[in-house]
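Taking it in order: structure first as structure tokens, then the write-up.
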Amino acid sequence: MRLISWNIDSLNAALTSDSARAHETRAVLETIKENNPDIIAIQETKLRPTGPTKKHREILAEMFTEYDYVWRSSQEPARKGYAGTMFLYKKDLAPTATYPKIGAPEPMDDEGRIITLEFDNFYVSQVYTPNSGNELKRLGDRQVWDKKYADYLHELDESKPVIASGDYNVAHTEIDLKHPQNNHHNAGFTDEERQDFTYLLDQGFTDSFRYIHGNIEGQYSWWAQRVRTSKQNNSGWRIDYYIVSNRIADKIQKSEMIDSGARKDHCPLLLEIDL
């Protein structure tokens, strides 16, 4: 099975805008399509509460002819057009989709952050983890989210093996970002967030990238848009992950980043696993 996960930073802009960035984003979508994944997880869709518009649906049907999809958008009392997730999957797979609420601080459970696909012998889930925000204003709520999310995946894992992906908004170790010494107290690299990711893995999960590549350095999944040379200098962070239940870790065949060219922000992740 081949899976791809990507924080797209606005599916709406990718499908309907004529900006230079939108063209770069569509080029990455074409690369994803060329990889012929069985399942595509997309975070930060930023769609309206009613989901894809008629125009979006027409474009998706044309671009991803072989795929069905499910989506989850931010709903009141959360902000409209914020966060959001989507799964596209090959039509012959026909999973059951669920849209869990994990008991997170309001309004996180209404921001469309988790979708889970259930198959006969495993789950595929994705998450767009809340950012701790400027001056770490949301760190306390984020810590509650992290614990609730880890417990949710653990509950799934007690039933069937889990493949989970997404933008986890944390660089786990110092080799997961270019300048750890400058970011120790910044969102995405606080001791609390890093400890929470360790707690998640301790629930019985494996970081697939580290499983395959060990402690290789200089491999990132996000580069700041506002820093002109961030990608040129590979000054990035690895904050996107595919994690899998420990008992299927030996079935991982490939876990890597997909080159997104000149486009900054997130790049897609690829996982190949023999299930």
Dipole axis of the chain (+1 Lys, Arg; -1 Asp, Glu on Cβ), positive-most option in Ser74, Asn169, Asn12
Asn12
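Highest mean first, how do 156-166, 86-96 rank when packing is the count of other Cβ atoms within 10 Å averaged over residues? Kindly include the intermediate steps, with their values, before the conclusion.
Values: 156-166: 20.5, 86-96: 16.5.
By packing density, highest mean first, the sequence is 156-166, 86-96.
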Residue-normalised 222 nm signal for the chain, counting each DSSP H run of n ≥ 4 as -39,500 (n - 2.57), nearest 500 deg cm²/dmol, is -7500 deg cm²/dmol
Using the Karplus equation 6.51 cos²θ - 1.76 cosθ + 1.60 (θ = phi - 60°), what ³J(HN,Hα) coupling, rounded to whole Hz, does each residue of segment 30-36 give in order, writing x for Gly and Pro?
5, 4, 4, 4, 5, 6, 6
Quick check: residue separation of Glu158 and Arg57 times 0.36 nm, minus the Cα distance between them. What number comes out in nm?
32.8 nm
What residues have an amide H closer than 5 Å to that of Ser125, excluding those fewer than 5 places away on the same chain, when H is modeled at 1.01 Å from N in the peptide plane?
Leu117, Ile163, Ala164, Ser165
Name the residues whose placed amide hydrogens come within less than 5 Å of the amide hydrogen of Gln225, ignoring near sequence neighbours (fewer than 5 apart) on the same chain.
Asp265
Given a cut-off of under 8 Å on Cα pairs at least six residues apart, what relative contact order in percent is computed for the chain?
18 percent
How large is ³J(HN,Hα), in whole Hz, for each residue of segment 215-220 in order, when computed from phi with the Karplus curve 6.51 cos²θ - 1.76 cosθ + 1.60 and θ = phi - 60°, using x for Gly and Pro?
8, 4, 9, x, 10, 10
For segment 195-250 and segment 3-69, what is the separation of their Cα centres, given in Å?
23 Å
Tell me which of Ser208, Thr116, Asn186 sits at the most positive position along the dipole axis of segment 2-273, charges placed on C-beta atoms (Lys, Arg +1; Asp, Glu -1).
Asn186
Pairs to check: Lys148/Lys254; Lys46/Lys147; Lys91/Lys147; Lys148/Lys231; Lys54/Lys148. Give those whose C-alpha atoms are more than 31 Å from each other in this structure.
Lys91/Lys147; Lys148/Lys231; Lys54/Lys148
HN-Hα J in Hz across segment 111-121 - Karplus 6.51, -1.76, 1.60, θ = phi - 60°, x for Gly and Pro:
9, x, 9, 9, 10, 10, 9, 9, 10, 4, 10
Skipping prolines and chain starts, which residues have an amide H placed within reach, meaning under 5 Å, of the one on Arg238, given they are 5 or more residues away or on another chain?
Leu177, Ser221
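Where a number appears in this text, it was derived from the coordinates with a stated rule and is not lab data. The structure displayed is predicted, hence computed values, not measured ones. So basically every Cβ, Gly included, is an ideal-geometry build from the backbone, and we count neighbours across all protein chains shown.
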